[in-house]
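The values are calculated or read from the model by the stated rules, or taken from the named source; none is laboratory data. The model shown is predicted, which means the values in this text are computed figures rather than measured ones. Here the Cβ positions follow ideal geometry from the backbone for every residue, glycine too, while neighbour counts run over all protein chains shown.
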Amino acid sequence: MEQLNSLDPYYGSIGNARLRGTSGKAQGQNKSPVQTNSGQPISPTNLSQGSQSPISLAPKIPPLPNSPSLAQNISMDDSGNAGANGDDALSVYHLPRPLPLWLNAQYAKHIVKGNFMTLSARPKTVEQGEWIAHQVVEHYRNLWNFVRVIHEKEEDGTTICNPQTCPRMSAGANHSFTWLNYKREPVELPAYEYITLMQRWISGKIDDTNIFPTDTNGVSYAHNPSITTTPLSQLSNPEDKDWIGKASGFPENFVEVCQTIFRQMFRVYAHLYWAHFIDPFYHLNLEKQLNSCFSHFVLTACALDMLKPQELEPMQPLIDLWAANGTFPPGSKAYEYSNQKAGERLMQLANVA
C-alpha cells in the first residue's frame, strides 16, 4: 500500500495473509448468538458448577466459572490526561512502534456517515431497563458476527484465533484479562477459550428470564408528561425501594449484570482490534463494519454508564481519534472521556488533519 510509505515508522504495513474481497460470514438470527461449529475448548481446570442460569446452547456445556474477572493489567501512566500535547499525548499509552493500522485515520472509517448518537438515544416513552436490555442483546449480536469469523474452522481445520496465535486474552502488550474460577481466583486463559467461556456466560444471562424477562405483560413505559400530569411521586409508593428496570420486572442487580456484560464485550472488541484487525478483518473488507459496530458500542456503553472511563484504556487511542475526527460528537460521554490532543496527533500522522 503506497499511501502508507510516508507514515513510516509510525504505522505498520499490511501483510498478505489473505486476499481482500472475500465475503464475510452470514449473520445469525438467534436471540443470543451462539458459537458455530468451531468445537468445544477445554474448560479451566477444576471448575465447579456453581449457580447456573438456563443457557440455550447445544450440546451440553461443561461447568463454568461463576463470573468473569474484573482484573486486568493496565500500563498507562498517571500522567496521562487531556492536557498533554502532541507526541506526549500518545506516549502515555505506551503504544508499539510501528503503530497498529487501526490507529491510522485512513483505516478508522465507517460504512455509513451520520450521528451514531441517534441510535444510542433512548426514546422518551421506553423504560430505561427495557432500553438497556435491548442494547445488550443487539450489541451482543453485532459482536458475535465478528467473533464467528475468527472462531470458525478454516480449510486446514484451524481457527484464526487459537491457543498458538493468541495464548492470552490480551489487547496488545500492555493489557491482559483473566477469568475468575469457582474459588474467585484469576486464571489466565488463551483468548479462544476466554471468549468461548464469556459467550456462554453472557448467553446464560440473556436467556435467563429471571434477569431478562420476556413476558410482554410486564413491559412498562417511561412516564410521558404529554400523556399524564400525575406527578411521578404519586405513581409509586415512595417507601418502596426502586431501581432501574423494576417497573418492567428486571431484578435489582440488573444494571450490575449488564455492566459486566458490556465490560466483557468491550474486552473482546479490544482483542479483535489488537490481534485480528488486519487478519482477518482488513483482508475480508470488514474493517469498516468493525469500526461502525465498535463506535456505536462505545457511544451506547458510555451514554448508559455501562463502562467507566478507566475501562476504556485498551482502546483509548482509537476513542481519542474518533473524538477528534467527529465520529464522537461533542456532548457525548465518549467525547468527554477522550483526549483531544492525542486524537489530533493521530490525524496528523495520517495526513488527514
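Candidates are the residues of segment 276-305 that are within 10 Å of the chain's Cα centre (by Cα) and aromatic (Phe, Trp, Tyr); the one that is nearest to residue 112 (Cα to Cα) is 294. The residue list 173, 121 contains one member that is of a type in the set (A, V, I, L, M) and either modelled with pLDDT of 95 or more or under 27 Å from residue 188 (Cα atoms) (or both), which is 173. Screening residue 157 against (1) surrounded by 15 or more Cβ atoms within 10 Å (Cβ to Cβ); (2) on the phi > 0 side of the Ramachandran plot leaves a single unmet condition, (1).
Whether a residue is crowded, with 22+ Cβ neighbours inside 10 Å, at pLDDT 95 or above, farther than 26 Å from residue 173 by Cβ and among the hydrophobic types (A, V, I, L, M, F, W, C) was assessed, and residue 258 passes this test. Pairing residues of segment 163-179 that are more than 22 Å from residue 260 (Cβ to Cβ) with residues that are in a strand (DSSP E or B) and modelled with pLDDT under 95, at Cβ distances under 7 Å and at least 6 apart in sequence or on separate chains, gives no pairs at all. Applying the selection to segment 288-307, what residues are surrounded by fewer than 23 Cβ atoms within 10 Å (Cβ to Cβ) and in a helix (DSSP H, G or I)? Residues satisfying the conditions are 288, 289, 291, 292, 293, 295, 296, 303. Given the options 97, 141, name the one that is closer than 19 Å to residue 346 by Cα, surrounded by fewer than 20 Cβ atoms within 10 Å (Cβ to Cβ), in contact (Cβ under 8 Å) with a residue 12 or more places away in the chain and of a type in the set (D, E, K, R). It is 97.
Taken over segment 324-344, the criterion of being out of contact with any Asp or Glu (no Cβ under 9 Å at 6 or more places or on another chain), assigned to a helix (DSSP H, G or I) and surrounded by fewer than 24 Cβ atoms within 10 Å (Cβ to Cβ) is satisfied by 335, 336.
Under the condition of being assigned to a helix (DSSP H, G or I) and without any contact (Cβ under 8 Å) to a residue 60 or more places away in the chain, which residue from segment 241-286 is nearest to residue 190 (Cα to Cα)? Across segment 241-286, the extreme among qualifying residues is 266.
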